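A.B. asks: Have a look at this one.
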Amino acid sequence: MPTPPAYPAEPARVLLLGFGAIGRHVATLLAPEREAGLLRMCAAEREVAAHRDRAVPGVELSTTGTDTDCPTWAEALAEADLVVECAGVEPAGEYGPQVIAAGMDLVLTSVGALADPETALRLLAGPGRLWVTNGAIGGFDVLGAAAEAGGLDAVRIRTSKLPTSLLRPWMTDQQEAQLRSLSPGDDPVTVFSGGPAGAIEQFPANVNVAVGLAWATRGRADPAVGTGAGVGPQAGQAELLRRSLERVRVELVADPAAGRSRHEILATGPAGRIELAFESAPSPENPKTSGLTALSVARTVRGALGLP
Ligand SMILES: NC(=O)C1=CN([C@@H]2O[C@H](COP(=O)(O)OP(=O)(O)OC[C@H]3O[C@@H](n4cnc5c(N)ncnc54)[C@H](O)[C@@H]3O)[C@@H](O)[C@H]2O)C=CC1
Ligand SMILES: O=C([O-])CC(=O)C(=O)O
């Protein structure tokens, strides 16, 4: 007789931070696990009242704000086994480190938070474990293998999105007007060219993939000599990431013909030439977000909980 899988006796308690397009999609994707009694789910929002009429069956709500008719963030956190951030780069930096410091595992969707060196150190400091989702892109098995062998010299990502999904509050009237005026048939416009840290600062909701790519291609420390950072494995990981963020080059393009977001990766070096392209179906909740992201997050959650 085959040995039955060693599922946990009690359902794992998952706390979503952010219940927007990705959070809701993840909750829907994990409905079978909820129904099978493998996990329970709670979602923290900053204004719960606005979410009451968009309830997802089986998902309780809690608040990081001032709502008084539901558990607070601290109460929900005390009950959780795993936190799944899908709120944004800023809230990831604000709440993620306290989750890790409390010894709880954290799934990070707003991977861009790792571009800030201080936040990266705190997210990597333990004792909780950090699970970095690959989000809207992938191929990280082969990219990671090549990087770990020192086999990559150059890593590039070119992200193309519909112009209106790239509008940001800091843009001048002229920049905004240019993006709004682009229509199918017009040439694409490059709105950013540089490193992932600068890209995520200007476009925090659009280029998490670039920081994710830097994370995936950070390589590994030589066990004999370490990374040179000098103080323990977390600092070593953070130092590898810092160097990787300097190597990855990002181009963000407003393309009026981009029916779907497109991410093109080119990595080259002694290991070879790796070209990958991703065009995700849009999120069912928000067409500006790649649907693949929630699929990846759900998979990362299953992995973190040891679910099949
Ligand atoms: N790794 C990847 O490939 C990708 C990562 N992302 C990241 O995922 C994030 C979420 O994306 P979407 O779900 O599409 O955005 P969304 O705007 O639909 O949802 C975010 C939700 O988080 C909530 N939120 C924000 N601050 C909060 C706080 N302090 N406390 C509690 N809730 C808070 C908002 O009210 C909103 O409901 C993006 O901002 C981006 O950082 C997005 C796409 C791809
Ligand atoms: O959804 C996507 O295509 C990718 C994205 O916004 C991000 O990486 O922040």
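Each value in this text was obtained by applying a stated rule to the coordinates, not by laboratory testing. Not measured: the values here are computed from a predicted model. Positions of Cβ are generated from backbone atoms using ideal geometry, with glycine treated the same way; all protein chains shown enter the neighbour counts.
A.B. asks: Sequence gap at least 6, Cα distance under 8 Å: using those rules, report the relative contact order of the stretch 1-143 to the nearest whole percent. Display every interim value, and only then the final one.
C.D. replies: On the way: 240 pairs, mean separation 28.3, N = 143.
With pairs under 8 Å counted, the relative contact order is 20 percent.
A.B. asks: Taking Cα centroids, how far is the stretch 159-198 from the stretch 76-127 in Å?
C.D. replies: Between the Cα centres of the stretch 159-198 and the stretch 76-127 lies a distance of 30 Å.
A.B. asks: While we're on this one: Please say if the stretch 37-92 is rounded, prolate or oblate, where rounded means a/c under 1.5 for a ≥ b ≥ c the square roots of the C-alpha gyration tensor eigenvalues, and otherwise the choice is prolate for a/b larger than b/c and oblate otherwise?
C.D. replies: Rounded, since a/c falls under 1.5.
A.B. asks: Could you tell me whether the chain comes out rounded, prolate or oblate from its Cα gyration tensor? Rule is a ≥ b ≥ c as square roots of the eigenvalues, rounded for a/c under 1.5, then prolate if a/b exceeds b/c, otherwise oblate.
C.D. replies: The shape class here is oblate.
A.B. asks: Turning to a different aspect of this structure: Would you mind ranking Leu305, Leu121 by Cβ crowding within 10 Å, fewest neighbours first? Present the calculation step by step, with values, prior to reporting the outcome.
C.D. replies: On the way: Leu305 21, Leu121 17.
In order of increasing Cβ crowding within 10 Å: Leu121, Leu305.
A.B. asks: Given the options Ala205, Ala78, Ala197, state which has the largest fluctuation in a GNM of the chain using a 10 Å cut-off (strictly under) for Cα springs.
C.D. replies: Ala78
A.B. asks: What residues of the stretch 234-250 lie in the reach of a label at Glu201, counting those whose backbone N is under 19 Å from a point 7 Å from the Cα along Cα→Cβ?
C.D. replies: 239, 241-250
A.B. asks: Mind giving me the nanometre distance, one decimal, between the label points for Arg299 and Ala145, set 7 Å out from Cα along Cα→Cβ?
C.D. replies: It works out to 1.6 nm between the two label points.
A.B. asks: Among rounded, prolate and oblate, which fits the stretch 1-110 when a ≥ b ≥ c are the square roots of the eigenvalues of its C-alpha gyration tensor, a/c under 1.5 means rounded, and a/b larger than b/c means prolate? Please list the in-between numbers first.
C.D. replies: Values: a/c = 1.87, a/b = 1.44, b/c = 1.30.
Prolate, since a/c reaches 1.5 and a/b exceeds b/c.
A.B. asks: Which length gain, in nm to one decimal place, applies between Glu176 and Asp69 when the Cα-Cα distance is subtracted from 0.36 nm times their residue separation?
C.D. replies: 34.5 nm
A.B. asks: Taking neighbour Cβ counts within 10 Å as the exposure measure, how do Leu123, Leu114, Leu266 sort from fewest upward?
C.D. replies: Leu266, Leu123, Leu114
A.B. asks: Mind checking which of Leu38, Ser296, Ala145 is farthest towards the positive end of the chain's charge dipole, using Cβ charges of +1 (Lys, Arg) and -1 (Asp, Glu) about the Cα centre?
C.D. replies: Final value for the positive-end residue is Ala145.
A.B. asks: Continuing with the same structure: Evaluate the distance, in nm, between pseudo-label points positioned 7 Å from the Cα of Ala154 and of Glu60 along their respective Cα→Cβ axes.
C.D. replies: 5.4 nm
A.B. asks: Long-range amide H contacts for Ser62: which residues qualify at under 5 Å (H placed 1.01 Å from N, peptide plane, sequence gap of 5 or more or a different chain)?
C.D. replies: Correct list: Ala43, Ala44, Glu45.
A.B. asks: Sticking with this one: Can you give the charge dipole size of the stretch 47-183 about its Cα centre, rounded to the nearest 20 debye, using +1 on the beta carbon of Lys and Arg and -1 on the beta carbon of Asp and Glu?
C.D. replies: Approximately 660 debye in magnitude.
A.B. asks: Pairs of alpha-carbon atoms within less than 8 angstrom and 6+ residues apart define the contacts here; what relative contact order does the chain have, in percent?
C.D. replies: This gives 21 percent for the chain.
A.B. asks: Could you work out how much longer the chain between Ala50 and Ala277 gets when fully extended? Use 0.36 nm per residue separation minus the Cα distance between them, nm to one decimal.
C.D. replies: 78.0 nm
A.B. asks: If we count other beta carbons within 10 Å of each Cβ, what is the order of Val207, Val59, fewest first?
C.D. replies: In order of increasing Cβ crowding within 10 Å: Val59, Val207.
A.B. asks: Compute the relative contact order of the stretch 140-279 as a whole-number percentage, counting only Cα pairs closer than 8 Å that sit 6 or more residues apart in sequence.
C.D. replies: 45 percent
A.B. asks: Which loop-located GluC sites (Glu not before Pro) does the stretch 46-143 contain, where loop means any DSSP state but H, G, I, E or B and the Cβ has at most 12 other Cβ atoms within 10 Å?
C.D. replies: Glu47
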